[in-house]
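The values are calculated or read from the model by the stated rules, or taken from the named source; none is laboratory data. Predicted model only: the values in this text are computed from it and were never measured. Glycine also receives a Cβ, built like all others from the backbone with ideal geometry; neighbour counts cover every protein chain displayed. Quick note on the areas: whole protein, heavy atoms, side chains included, nothing else; ligands and nucleic acids left out. Shrake-Rupley method; radii C 1.70, N 1.55, O 1.52, S 1.80 Å.
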Amino acid sequence: MGSFTNFMASAIFFIVLSFFLVPTRTQEEGFISVVISSQGLEFSKDLLIEQAVSSIIPLQLPQIEKSVKIPLVGQVHVVLSNITIYNVDIASSYVETGDSGIALIASGATANLSMDWWYSYSSWLFDISDNGDASIQVEGMEVGVTLALNGQEGTLKLSVLECGCYVKDISIKLEGGASWLYQGLVDAFEGQIVSAVEDNISKKIREGIMKLDSLLQSLPKQIALDDIAALNVTFVGNPVLSNSSIEFQINGLFMAPNDDFASRLYNKGSLGPVPFNAPAKMVEISLHENVFSSASLVFFNANYMQWVINKTPDQSLMNTAGWKYIVPQLYKQYPNEDMELNISVSSPPIMTVVSNGINITVYPDVTISVMDADEVIPVACISLEIHASCSPDILINKLAGTVKLNHVTAYLKWSKIGNLHMHLVQAILSTILKTVVVPYVNLHLWKGLPLPLPHGFTLHNSEIISINSRLSIFSDVAIAERSPTSTPKTLQTHDITTKETILHQC
């Protein structure tokens, strides 16, 4: 029961995001936008109805008692009990948007009920009683609800504007005892049964909305990536409603846990329109390039962009003998000594979303040191300008990526071993970056960036398009199937010692 309740909460949460967004006012910018298309709205509508019916059935109605005056008999006391709605079928449904809110209407519905009946009659001559059960068929039922969802300090406040249920027709068939004799008697209860159905279905819907409102109020404002960075998922901006789509925004910037410093550093500027050839999918999730830049800033500020490399696939590069013909003076001063490279990024990596992915520019300093006995002796420092690219990919409900090194330029910053042939040093450092650092970074990138999807849903048939400073994911949505967690593909890495862990996200 608990897992079903959690699933229902996630399902309705996704649907509410799809249907019931009423604009709120705020000056804060959103760097992740979510657009629910007409296909997504249709999916959400059908799912909402399915889950609403599942949550209502079975619905127990209050007991009904009534004293009825029967000609030639007198007052007869009748009790209808165990009145239960056990089946509801929806013939058609639709959703309408308007300035006053969003209306969801289900029409042409039928419902099946069961109940027990009992009556007694007493006179000075004799006492009579009888009992049995009955089936009830409800026809032409309509259910409608109009909701408003307002922003409230980064979360959502859900309220019911109107809610009602109307029953057009009802028929009752009695069984048991001399039921044929009492059909007219029970028909006298038709109005009360109709009122009980209408009132209790409306009440059940209102109760569900109240529970959902409590859930929305408790939504986290941050999603922790690890103990270093968290994603700000507060709602911002004014949702845009049209006849074919709904768009809303969340802050979407990374920050240190319980800190919103990064949010004050970025300005999104204007984003171009969605490309004309965008895939026709249920949802579009767009991430501005500042989302990735904020991640790099957080990890940089936490000093998590440093490496100490002392092992490589070609271990000869970690001994001065391997540099004998590249930097002869290094070998002369320190023959056959082990080496290490201390790589320290000097500024946050620059992330730029382009038409084929994400371009990355990094400016690290590489300090070359010799291990002389127990002493680490720095002998030279090289400044690098690294240009790389990241190819994004969808891993279940996460945005993963793979980095490729495109070009490295090396500059001598200082040296204790004289001038260096920089083109040769550049080549060897580029090899170390490709064989050690890049695989290590990709291992972390494959863990993925969490995307704003409620629990219980998964992306399906996703496509990625990057343009106009944003990376957009066009995808259908499906209910997640329970299955053993799959293991991501393994990326081969070599031993690398880090003072901290490299930036986890592209």
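Hey, can you tell me all the residues within segment 394-425 that are of a type in the set (S, T, N, Q) and closer than 19 Å to MET351 by Cα?
Within segment 394-425, THR402, ASN406, THR409 qualify.
For (1) at pLDDT 50 or above; (2) in a strand (DSSP E or B); (3) crowded, with 17+ Cβ neighbours inside 10 Å; (4) in contact with a strand residue (DSSP E or B) (Cβ under 9 Å, 6 or more places away or on another chain), each residue gets a yes or a no:
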{"site": "TYR440", "(1), (2), (3), (4)": "yes, no, yes, yes"}
{"site": "HIS455", "(1), (2), (3), (4)": "yes, no, no, no"}
{"site": "LEU491", "(1), (2), (3), (4)": "no, no, no, yes"}
{"site": "ILE502", "(1), (2), (3), (4)": "no, no, yes, yes"}
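Looking only at segment 425-434, which residues are under 14 Å from TRP323 (Cα atoms) and open to solvent by 60 Å² or more (accessible area, probe 1.4 Å)?
The answer is THR431, and nothing else.
GLY456 passes all but one of (1) of a type outside the set (Val, Ile, Thr); (2) under 16 Å from the mean Cα position of the chain (by Cα); (3) under 25 Å from PRO364 (Cβ atoms); which number fails?
Checking GLY456 against (1) of a type outside the set (Val, Ile, Thr); (2) under 16 Å from the mean Cα position of the chain (by Cα); (3) under 25 Å from PRO364 (Cβ atoms), the one that fails is (3).
Would segment 383-399 turn up any residue that is open to solvent by less than 60 Å² (accessible area, probe 1.4 Å), out of contact with any strand residue (DSSP E or B) (no Cβ under 8 Å at 6 or more places or on another chain), in the same structural domain as LEU330 (by the TED database) and farther than 30 Å from ALA480 by Cα?
Checked segment 383-399: no residue is open to solvent by less than 60 Å² (accessible area, probe 1.4 Å), out of contact with any strand residue (DSSP E or B) (no Cβ under 8 Å at 6 or more places or on another chain), in the same structural domain as LEU330 (by the TED database) and farther than 30 Å from ALA480 by Cα.
Residue under question is ASN238, and the condition is that it be open to solvent by 30 Å² or more (accessible area, probe 1.4 Å), in the same structural domain as MET305 (by the TED database), in a strand (DSSP E or B) and modelled with pLDDT under 85; does it hold?
yes
Just one of (1) among the hydroxyl-bearing types (Ser, Thr, Tyr); (2) more than 47 Å from the chain's Cα centre (by Cα); (3) open to solvent by less than 80 Å² (accessible area, probe 1.4 Å) trips up SER122, so point out which.
Status for SER122: all satisfied but (3).
Determine if segment 132-145 includes at least one residue that is open to solvent by 40 Å² or more (accessible area, probe 1.4 Å) and within 29 Å of ILE250 (Cα to Cα).
No: zero hits.
Hey, can you tell me all the residues within segment 401-424 that are surrounded by 16 or more Cβ atoms within 10 Å (Cβ to Cβ) and free of Cβ contacts under 8 Å to residues at least 60 places away in the same chain?
Within segment 401-424, THR402, LEU405, VAL408, ALA410, SER415 meet the criteria.
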